Amino acid sequence: MTESNVLLVERQDRVATITVNRPDKMNALNVEVRRALVSALGELRQDDEVRVVVITGAGEKAFIAGSDIGEFKGARPVDQYRKMVEGDIYSAVERFPKPVIAMINGFCLGGGCELAMACDIRIAGDKAKLGQPETNLGIIPGGGGTQRLPRLVRQGIAMRLIYTGEIIDAAYALEIGLVDQVVPQDALKEEALGLAAKIAQKSPASLQAAKECVRAAWRMPLDEGLQYEKVWFGLLFSTDDMDEGVAAFLEKRRPEFKGT
Ligand code: COA
């Protein structure tokens, strides 16, 4: 595994935890972090031992407090555009063929909130603070915030958060559906890794199919999505894991999925 100081990757059993490691800068996303994250995901997708990924931030204050604002000063439009396309961590997470959980351990702002929204499930510590404060800088969310936020929360709430840049607490984020679970900060790691371990026991092909189909619901009309789901459903009947799952049920034992 390619190692980088700004990004740590740890594996335990079938779960890989990616930690953005710039705690003195609230884990802000600079070019180096973006490149390292895209590269780490590229390696983890090939690794059959890894079935679920958890993304978090180093330290106790921040998940990720957004893009590195220091890199904005003097940036030319074309360079900024290239940076967003080449370091498109949001699409890399969304298209990653295994479940990805955001473990939100503090400030989750701007590009951090956008990265969390690209993940499949968001679990936050009760001290977490979330928001899209880009209008304070005279810009808008550029990592998918204008698109994913209104798909997760009511449009008026998305508009309000983006217009005002308000920073909200974890309890309100749960109420509006921006996060899926809030747990005491000191139980966050155990809860998030526990969920990851539970998911990691399933057949990887069924997890990939589930992710692909649920993601398709964001972009496809219902009738196309229903067709798409049927194709994936049928495809899974070609896996050994499906034979194993059915046999285990009929034999009243736990399935042992091998990922084939
Ligand atoms: N980009 C670059 N550096 C950042 C950063 C970001 N998005 N967020 C925080 N930092 C840096 C600060 O500049 C500071 O660095 P320094 O010690 O070298 O001066 C360090 O992280 C600690 O942040 P600080 O502001 O002192 O902590 P705080 O507890 O007072 O405030 C925040 C925390 C997150 C509320 C505040 O840092 C903030 O508003 N950050 C910017 C959030 C944002 O606008 N994100 C969207 C960017 S598009």
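Run down Glu94, Glu114, Glu43 and say which single residue is part of a helix (DSSP H, G or I), charged (D, E, K, R) and open to solvent by 50 Å² or more (accessible area, probe 1.4 Å).
Answer to the check: Glu43.
Limited to the stretch 5-27, what total is found for residues that are in contact (Cβ under 8 Å) with a residue 60 or more places away in the chain and either within 13 Å of the ligand (Cβ to nearest atom) or open to solvent by 60 Å² or more (accessible area, probe 1.4 Å) (or both)?
5
Please find, among Gln155, Gln132, Gln147, the residue that is within 26 Å of Ala216 (Cα to Cα), open to solvent by less than 40 Å² (accessible area, probe 1.4 Å) and modelled with pLDDT of 95 or more.
Gln132
Quick check on my filter: what residues within the stretch 117-132 are within 13 Å of the ligand (Cβ to nearest atom) and in contact with a strand residue (DSSP E or B) (Cβ under 6 Å, 6 or more places away or on another chain)?
Ala128, Lys129, Leu130, Gly131
Check every one of the helices (runs of 4 or more DSSP H) wholly within the stretch 142-260 and list those with 3 or more residues that are touching a Pro at 6+ places or on another chain (Cβ under 8 Å) and farther than 21 Å from Arg95 by Cα.
Result: 155-164, 240-250.
Yes/no matrix, rows are residues, columns are (1) more than 12 Å from the ligand (Cβ to nearest atom); (2) open to solvent by less than 10 Å² (accessible area, probe 1.4 Å); (3) part of a helix (DSSP H, G or I):
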position	(1), (2), (3)
Leu37	yes, yes, yes
Asp48	yes, no, no
Glu60	no, no, no
Phe63	no, yes, no
Gly74	yes, no, no
Asp79	yes, no, yes
Met84	no, no, yes
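For the stretch 247-260, enumerate the residues that are within 32 Å of the chain's Cα centre (by Cα) and open to solvent by 70 Å² or more (accessible area, probe 1.4 Å).
Phe249, Arg254, Glu256, Lys258, Thr260
The values are calculated or read from the model by the stated rules, or taken from the named source; none is laboratory data. What you see is a predicted model; the values in this text were computed from it and never measured. Backbone-built Cβ (ideal geometry, glycine too); neighbour counts: all protein chains shown. Side chains included, ligands, DNA and RNA excluded: accessible areas come from the protein's heavy atoms. Shrake-Rupley method; radii C 1.70, N 1.55, O 1.52, S 1.80 Å.
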